[in-house]
Amino acid sequence: MTDGVLSATEDLRTAVQHIRESARIYNIDPDSIVLGGFSAGAITSLIVAHGMHEPIAGLFMLSGSILGLDILKMVTPASATPPILMFQSQMDLEPSIISTPMLMDRYQEVGVPYEFAWVPASGHYYTSGATSLAGDGSRLSIEQRIVQFIEEVVGESPSHE
């Protein structure tokens, strides 16, 4: 791993651990933490959740890849691996285009719940309001799909708190 990826990963892991340990102070459920990010933030979140196996409820990854750590070796049938929602755009960067199918194959192989949504007519950068398409035929904005995913993995609507 490069120093930048390692530093970001250590910072995020420390933040998650702090939030879990301070859950009573922040009045949150430590079992309802969901990580997510875009591009480098997606890579960092992926490494913390699926590489370091930090206990979280779910993970969403917008145009990320498996750079920095061999997640394919780190995710095993015995590992505690939370569900993941992955986005990739039609004209995304090559590392994302190459690694997303590899991740989906590995998750299928070891039984990790995953969802994939495609962002048509976009490059690597897109807004949360952009349309995403899923294999079930659903057409939702990225924001709507992320909220739906969080509600599913946490078990309740965040707006009800």
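The values are calculated or read from the model by the stated rules, or taken from the named source; none is laboratory data. Given the structure is predicted, the values throughout are model-derived calculations rather than measurements. All Cβ positions, glycine included, derive from the backbone under ideal geometry; neighbour counts span all protein chains shown. Heads up: the accessible areas ignore ligands, DNA and RNA and are worked out on the full protein's heavy atoms, side chains in. Shrake-Rupley method; radii C 1.70, N 1.55, O 1.52, S 1.80 Å.
Here is how the numbers come out for the structure above:
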quantity: Qualifying residue in the stretch 11-29 (condition: more than 27 Å from GLY155 (Cβ to Cβ) and modelled with pLDDT of 95 or more); calculated: yes
quantity: Residues (within 15 Å of ALA42 (Cβ to Cβ), touching a helix residue (DSSP H, G or I) at 6+ places or on another chain (Cβ under 9 Å) and of a type outside the set (S, T, N, Q)) located in the stretch 108-149; calculated: TYR114, GLU115, PHE116, ALA117, VAL119, HIS124, TYR126
quantity: Matching entry among THR81, THR76 (being at pLDDT below 95 and either among the basic types (Lys, Arg) or under 12 Å from the mean Cα position of the chain (by Cα) (or both)); calculated: THR81
quantity: Residues located in the stretch 81-94, provided they are free of Cβ contacts under 8 Å to residues at least 60 places away in the same chain and either in a strand (DSSP E or B) or open to solvent by 50 Å² or more (accessible area, probe 1.4 Å) (or both); calculated: ILE84, MET86, PHE87, GLN88, SER89, GLN90, MET91, LEU93, GLU94
quantity: Output for the stretch 125-154, where each listed residue is within 24 Å of ILE56 (Cβ to Cβ), of a type in the set (D, E, K, R) and touching a strand residue (DSSP E or B) at 6+ places or on another chain (Cβ under 6 Å); calculated: ARG145
quantity: Test: residue in the stretch 24-42 that is closer than 16 Å to MET102 by Cα, in contact (Cβ under 8 Å) with a residue 40 or more places away in the chain and not aromatic (Phe, Trp, Tyr); calculated: no
quantity: Some residue of the stretch 64-72 being open to solvent by 30 Å² or more (accessible area, probe 1.4 Å), among the polar types (S, T, N, Q) and part of a loop (DSSP other than H, G, I, E, B); calculated: no
quantity: The stretch 100-123, residues that are within 15 Å of the chain's Cα centre (by Cα) and either among the β-branched types (Val, Ile, Thr) or farther than 25 Å from GLU152 by Cα (or both); calculated: THR100, VAL112
quantity: Qualifying residues in the stretch 129-147 (those that are of a type in the set (S, T, N, Q) and surrounded by 14 or more Cβ atoms within 10 Å (Cβ to Cβ)) - the one farthest from the chain's Cα centre (by Cα); calculated: THR131
quantity: Residue that is nearest to GLU151 (Cα to Cα) [pool: residues in the stretch 9-63 that are β-branched (Val, Ile, Thr) and open to solvent by 30 Å² or more (accessible area, probe 1.4 Å)]; calculated: VAL34
quantity: Options VAL16, VAL5: the member that is touching a residue at least 40 places away in the same chain (Cβ under 8 Å), in a helix (DSSP H, G or I) and in contact with a strand residue (DSSP E or B) (Cβ under 8 Å, 6 or more places away or on another chain); calculated: VAL16
